[in-house]
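Any read-out appearing in this document is the output of simple, stated calculations on the displayed coordinates, not a laboratory observation. Since the model is a prediction, treat every value here as computed from it, not as a measurement. All Cβ positions, even for glycine, are placed from backbone atoms using ideal geometry, and neighbour counts span all protein chains on display.
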Amino acid sequence: MKRMLSGIKPTGQLTLGNYIGAIKQFIEYQDEYELYIFIADLHALTLPIDPKELRKNTKDLISVYLACGLDPEKVVLFKQSDVHEHAELGYIMACNSYMGELSRMTQYKDKTAKMTTNDSIPTGIFIYPTLMAADILLYDADYIPVGIDQKQHVELTRDLAIRFNNHYSETFVVPEPITPKMGAKINSLSNPEKKMSKSESEKGTIYLLEDLNITRKKIMSAVTDCDNEVIYDPEKKPGISNLLTILSVLTNTSIDSLVSEYQHAGYGTFKKVVADVVCEKLGKLQQKVKDIQSGSLIDQILETGAQKATYTARKKLSKVYRKVGLK
Ligand code: TYM
């Protein structure tokens, strides 16, 4: 069975983009692959975060994983900081990387572009992709399901793995990124040319655990063009195309059949359909999250996951230590 691995960082609240670009894929793949899914909590430290918020986000994330249908019997579900091999291989990967390639990472460039000249850039966001490479390479993962924004980091991971293998002899599996055909980049509702993200504007981002009245309002006031025809054209009609993508993924219906159904329905009616579908989906999810959080399974699941992950990670790190001369 091929192995697949992915993670989400518990910064901010989880978004519909995280669900469609990542979590939904994890669920679909769990029967077909040996799946390792983790909470990338060390990555959450790359920018300042309140410890209380980090704890809450971590609990929400594991609950959402479970509520969406990840089955801990099939999937190794764990918290990155419970497996210290991540930080250790992360250091070795940092030593195996170049300043030039890390400065070319789009996410790093975007994040630093938003800072003023008086802001100090935390080193963590610069070396972040080397920790992500370690996350992947520790487990010999063949495939990495991610949204488009993370593809470049997986490509860097490939380069680092190949470089290490060439220098020290075959050690790491070279992973491949997998992005979903539809929904690899869900855009902001208020600025549909930009990615929906935890740090984008509140109005443009649907949070999985937010009040559904707010969700509905956000969708009903999503920015669209003014010709009132529901057609898929991401360049000329980014707002409507984004809503079509969301509806298509959540209802498993092709864009073509949605267009033939709603082309002349008018934007108001179409947005209401999208809002109904999203709110129904999130309502069910939120109820499950509540049930999970009022139970006592989470700690046990994370403990078992950490044991399984550590077993695999330790073997790989030990091999790496031998190869580089630390053992
Ligand atoms: P993060 O936490 O920013 O995002 C988690 C996943 O959600 C996807 N995603 C989206 N997909 C479609 N549309 C969007 N608007 C959208 N927003 C987010 C991301 O592409 C990602 O798949 N560095 C990673 C976490 C990580 C990781 C790893 C992932 C750490 N180590 C190893 C895979 C393998 C991150 O910050 O993702």
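Sort out for me the Cα centre separation of region 65-87 from region 229-253, rounded to whole Å. Cα centroid to Cα centroid, the span is 32 Å. Short-range pairs are left out: with C-alpha atoms under 8 Å and at least six residues apart, the relative contact order of region 27-114 is 38 percent. Taking the helices alone, the chain has a mean residue ellipticity at 222 nm of -16500 deg cm²/dmol, built from -39,500 (n - 2.57) per DSSP H run of at least 4 residues and averaged over all its residues.
Between ASP159 and LYS217, the FRET efficiency from the beta-carbon distance, with R0 = 41 Å, is close to 0.40.
Translational diffusion of the chain, estimated by Stokes-Einstein from the Kirkwood radius over alpha carbon pairs at 37 °C in a medium of 0.692 mPa s, is 157 µm² per second.
Applying 0.36 nm per residue to the separation of ASP110 and ASN166 and subtracting their alpha-carbon distance, the gain on full extension is 17.0 nm. Of THR310, ILE298, LEU250, whose Cα points farthest to the positive end of the dipole of region 218-323 (charges on the beta-carbon: +1 Lys, Arg; -1 Asp, Glu; origin at the Cα centre)? Final value for the positive-end residue is THR310.
For the chain, hydrophobic long helices are taken as DSSP H runs at least 18 Å long by C-alpha position along their axis with mean Kyte-Doolittle hydropathy of -0.5 or more; these are 51-68, 123-137, 238-251, 267-294.
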